[in-house]
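Inspection log for the structure reproduced underneath, given as structure tokens.
Bear in mind these aren't lab numbers, they're just calculated from the coordinates by the rules spelled out. Values in this document were obtained by computation on a predicted structure and should not be read as measured data. Cβ sites come from the backbone with ideal geometry, for glycine too, and all protein chains shown count toward neighbours.
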Amino acid sequence: MKMNPMMLVVLAAVLFIGSGSIFTVDQRERVIVFRLGEIVRTDLEPGLHFKFPFINNVRKYDGRLQTLDSKAERFLTSEKKNVIVDTFVKWRIANVDNFYRAVGGDPRQVDTRLNQFVKEGMRAAFSKQTIKELISVGRDTIRLGLVKEINELANGLGIDIIDVQIKRIDLPEEVSASVYKRMESERERVARDFRSRGKEAAERIKADADKQGEIILATAYRESQELRGRGDAEAAETYAGAYNKNKEFFAFYRSLDAYRKSMGAGDDLIVLEPTSDFFKYFKKQ
């Protein structure tokens, strides 16, 4: 069956108008509906929606997290030292109406404005910290403060700052050299202090060991003298007992011992009178 050309035209017009009257909203999108250039709706839920062709038009924006990767910048610390900071920011559209009015819906303008806000927030945060505090306080503390401060600055853009991350904090080359030199000097000072205390402890241990050694030697000498004295006393007592039992035999034994010691000494010369008591037992009885 052939259709009338006029009917084809009408059908085509209906399809065209119908297709221009329907649009979909994805859950990842933020949508603005205009009527003759004026914003009329921004609260559209995900799904299928209708509009008047030629009267209404629709603009869609990505509602997911966006990343602004800023270039590394120099900031001054409270001690007027430069640090090089590399950061990135996570943000997303919170109020699409304000977003459109503030930047005309251009994400590139958001990046430009947001980058400036990040610099201002960083400059304020780092100007209150020393280099040592930046290292010791930790990046999380600085990050939380930056998120709050940059959110306040970016509030009029219709966006939320979800996170600000500091990728790295570096010192300029000329500052790094002086910092490393100070760190090296500090480590050397600590090492000298440890060595000095170790040497002092070693001297105390050595002095105590010498003292204990002298005490041990003195105690041993005293005990040896006591033992020798007791031995001499016992020997004298033994000799005295033997002498009292047989005085003549004891005298004879002592004389023999004297003969052996004096006459067996090699080239020694003894000058005595033959009638001396020393030769008493050489005489015939």
**OP:** State log₁₀ I(q)/I(0) for the stretch 188-229 at q = 0.15, 0.28, 0.29, 0.33 Å⁻¹ as given by the Debye formula over alpha-carbon point scatterers of equal weight, solvent excluded.
**Re:** -0.53, -0.85, -0.87, -0.95
Original post:
What is the order of 238, 77, fewest Cβ neighbours within 10 Å to most?
Top reply: 238, 77
Original post:
By counting other Cβ atoms within 10 Å of each Cβ, how are 93, 32, 39 ranked from fewest to most?
Top reply: 39, 32, 93
Original post:
Taking the mean number of other Cβ atoms within 10 Å as a proxy for protection, how do you rank 182-193, 149-160 from highest to lowest?
Top reply: 149-160, 182-193
Original post:
When the Kirkwood radius is taken over all Cα pairs of the stretch 66-177, what Stokes-Einstein diffusion coefficient follows at 10 °C and 1.306 mPa s, in µm²/s?
Top reply: 110 µm²/s
